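Input: a single structure, listed below in structure tokens.
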Amino acid sequence: MDKYVIDGGRRLEGAVAAQGSKNACLPMMAAALLAEGVTTLRNVPRLADIETMAAVLRALGAGVEWIGPHEVAIDASTVDKHVAPYDLVRRMRASLAVLGPLVARFRRAEVSLPGGCAFGPRPVDLHLKALRELGATVELEGGYIVAEAPALVGKRINLSGPAGPSRGATANLLMAATLAEGVTVIEDAAREPETVDLVNMLTAMGARIEGAGSAELVVTGVEELRPAEYEVMRDQIEAATYLLAGAITGGDVTVEGADPEYLTPFTAALAEADVAVEPAAGGLRLRGELPVGPVEVRTAPYPGFPTDLQPQTTALLTLASGRSVIVEGIYPDRYNHAPELARLGANVEVTPPTAIINGVHKLYGAYVMASDLRAGAALVLAGLAAGGETNVRRIYHIDRGYEDLEEKLTSLGAAIRRVAEE
Ligand code: UD1
């Protein structure tokens, strides 16, 4: 297992480019299953999660090959199995995205239940409901979702969940509906740009979908889809993480590919904290100065403040000049980073779904442990600001979502290295 050793307290300065979006790319790889032939994705980030999805597709019989540094070719003409095994799905919940495409093209799928994750239960009821409403029979057997559908027939389906729309369920239903008979109307669909990107890719494959970016998607089923070539959007969560690296070190960081529109609620919160962010060089530039002001943030589905930026933002607010409040509107228990930040000297009181952050003047290096991807990113950010040496352990979580993290941070002037732990 590797760890990061960070010598903190350096001001970061310079520019980095955002990688391709992990969360947009994962369902797109599954979407390649919908068409016989070779689909090519460009701007694919080199990440552990992408390799896991590649392994899922290979387990189904597909050919998956890197044909360039960030280019993947997926040959779905050889798919001859319809089981996504426990061993892969338990590693990554997004593997669930093969469910819709398998049922649509092969009328059968067995996908392991993903289980919970480090920050709480993550149900799959909306995924199952979506397929059932299209006419599939869906049973749970031996820890697997077993779906069969001699025919899929479009209809009006409401996908409202307790915390608003579900990205994953919207993706599964979208993909299944592309090959269903007739018209499927998805109500309360996810509006995330990642979902829009998936719609654009499916459209390039010959699907007929209207309403992308709105809460109602209308899918008119077609007989078959064709393989496509598609360039994945940039990763806005990664982009914002580097902007925060600038903020937490009082630095000056530009991220090429950061999208001002996607990040509006994030930059609005930063503005409230007196942190200036402005469009620059095909992205965003942040000029930081500590301490930042305290703010109130509530996470919500897009176009709200992204839950995937909550831990990293919490890290910044540990150094605010007063009391900040965070309310987690999506995952009430997503605060595994709080006790670890406390090891660095932060003062965060958690009463789910709320965290009160009482800003401190300084953080000090310590040993901390990443419990999940974004919590890990939060600890790296805090380590960049902390005086002395911070050791972030279990960074395999961070490798799931950040390509070349240490190279990028080093190019900005950070002192961070990856060290193998016995
Ligand atoms: C995606 C992102 C993840 C992000 C999350 C919320 C990917 C690969 N992952 O995950 O990084 O944190 O969106 O923005 O894109 N829910 C149900 N029943 C379901 C499905 C979801 O109740 O069947 C609930 C969830 O518990 C959660 C909310 O709906 O409270 C949103 O989850 P969802 O959008 O489905 O998350 P994912 O697509 O899994």
| field | Unmet criterion (only one of (1) more than 13 Å from the ligand (Cβ to nearest atom); (2) touching a residue at least 24 places away in the same chain (Cβ under 8 Å); (3) within 14 Å of residue 108 (Cα to Cα)) for residue 145 | value | (1)
| said: Looking at 98, 111, 103 in this structure, which one is part of a strand (DSSP E or B), open to solvent by less than 60 Å² (accessible area, probe 1.4 Å) and not assigned by TED's automatic domain parsing to the domain that holds residue 374? | reply: 111
| request: Would you mind telling me which numbered condition in (1) touching a residue at least 24 places away in the same chain (Cβ under 8 Å); (2) not in a strand (DSSP E or B) residue 74 fails? | output: (2)
| Which one is most open to solvent (accessible area, probe 1.4 Å) among residues in the stretch 63-89 that are closer than 14 Å to residue 51 by Cα and within 16 Å of the ligand (Cβ to nearest atom)? | 88
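Enumerate the strands (runs of 3 or more DSSP E) found wholly within the stretch 340-422, keeping only those where 1 or more residues are surrounded by 15 or more Cβ atoms within 10 Å (Cβ to Cβ) and acidic (Asp, Glu).
Working: elements: 347-351, 354-358, 367-369, 389-393, 415-420.
In the stretch 340-422, 389-393 are the strands (runs of 3 or more DSSP E) which contain 1 or more residues that are surrounded by 15 or more Cβ atoms within 10 Å (Cβ to Cβ) and acidic (Asp, Glu).
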| query | residue 118 is checked against (1) over 22 Å from residue 186 (Cα atoms); (2) within 13 Å of the ligand (Cβ to nearest atom); (3) open to solvent by less than 50 Å² (accessible area, probe 1.4 Å); (4) not acidic (Asp, Glu) and fails just one. What number does that condition carry? | reply | (3)
| task | Hey, can you tell me all the residues within the stretch 36-62 that are in contact with a Pro (Cβ under 6 Å, 6 or more places away or on another chain) and buried (at least 23 other Cβ atoms within 10 Å of the Cβ)? | result | 39
| query | If you take the residues of the stretch 223-259 that are away from the ligand (no atom under 16 Å from the Cβ) and part of a helix (DSSP H, G or I), which of them is nearest to residue 13 (Cα to Cα)? | reply | 246
| query | Residues of the stretch 33-54 being assigned to a helix (DSSP H, G or I) and within 16 Å of the ligand (Cβ to nearest atom), which ones? | reply | 48, 49, 50, 51, 52, 53, 54
| remark: Going through (1) open to solvent by less than 20 Å² (accessible area, probe 1.4 Å); (2) outside any strand (DSSP E or B) one by one, residue 5 fails only at (2)
| query | Which pairs do you get when a residue that is acidic (Asp, Glu), found in the stretch 300-315, comes within reach of a residue that is assigned to a helix (DSSP H, G or I) and near the ligand (Cβ under 9 Å from one of its atoms), reach meaning Cβ atoms under 7 angstrom, with the pair 6+ apart or on two chains? | reply | 308/237; 308/374
| Selection from the stretch 180-212 of residues that are away from the ligand (no atom under 16 Å from the Cβ), open to solvent by 10 Å² or more (accessible area, probe 1.4 Å) and touching a Pro at 6+ places or on another chain (Cβ under 9 Å) | none
| If you take the residues of the stretch 148-160 that are more than 17 Å from residue 223 (Cα to Cα) and crowded, with 18+ Cβ neighbours inside 10 Å, which of them is farthest from the ligand (Cβ to nearest atom)? | 157
| query | Which members of the stretch 121-142 meet the condition of being more than 10 Å from the ligand (Cβ to nearest atom), in contact (Cβ under 8 Å) with a residue 12 or more places away in the chain and either open to solvent by less than 50 Å² (accessible area, probe 1.4 Å) or over 24 Å from residue 91 (Cβ atoms) (or both)? | reply | 131, 133, 134, 135, 136, 137
| field | Residue that is nearest to residue 274 (Cα to Cα) [pool: residues in the stretch 284-299 that are of a type in the set (A, V, I, L, M, F, W, C) and without any contact (Cβ under 8 Å) to a residue 40 or more places away in the chain] | value | 295
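Out of all the residues in the stretch 167-174, is one or more open to solvent by 20 Å² or more (accessible area, probe 1.4 Å), of a type outside the set (A, V, I, L, M) and within 12 Å of the ligand (Cβ to nearest atom)?
First pass over the stretch 167-174, keeping only residues open to solvent by 20 Å² or more (accessible area, probe 1.4 Å): 167-168.
Right, trim to of a type outside the set (A, V, I, L, M) and you get 167-168.
Imposing the further condition that a residue be within 12 Å of the ligand (Cβ to nearest atom) reduces the set to 167-168.
Among the residues of the stretch 167-174, at least one is open to solvent by 20 Å² or more (accessible area, probe 1.4 Å), of a type outside the set (A, V, I, L, M) and within 12 Å of the ligand (Cβ to nearest atom), which makes the answer yes.
If you go through the stretch 55-71, how many residues are part of a helix (DSSP H, G or I) and touching a helix residue (DSSP H, G or I) at 6+ places or on another chain (Cβ under 7 Å)? Spell out the reasoning first.
Looking only at the stretch 55-71, we keep the residues that are part of a helix (DSSP H, G or I), and these are 55-59.
Keeping just the survivors that are touching a helix residue (DSSP H, G or I) at 6+ places or on another chain (Cβ under 7 Å) gives 55-57, 59.
Total meeting the criteria: 4.
The values are calculated or read from the model by the stated rules, or taken from the named source; none is laboratory data. Note that this is a predicted model, so its numbers are computed, not measured. With ideal geometry, Cβ positions are generated from the backbone for all residues, glycine too; neighbour counts draw on all protein chains shown. Accessible surface is based on the protein model in full, side chains and every heavy atom, while ligands, DNA and RNA are left aside. Shrake-Rupley method; radii C 1.70, N 1.55, O 1.52, S 1.80 Å.
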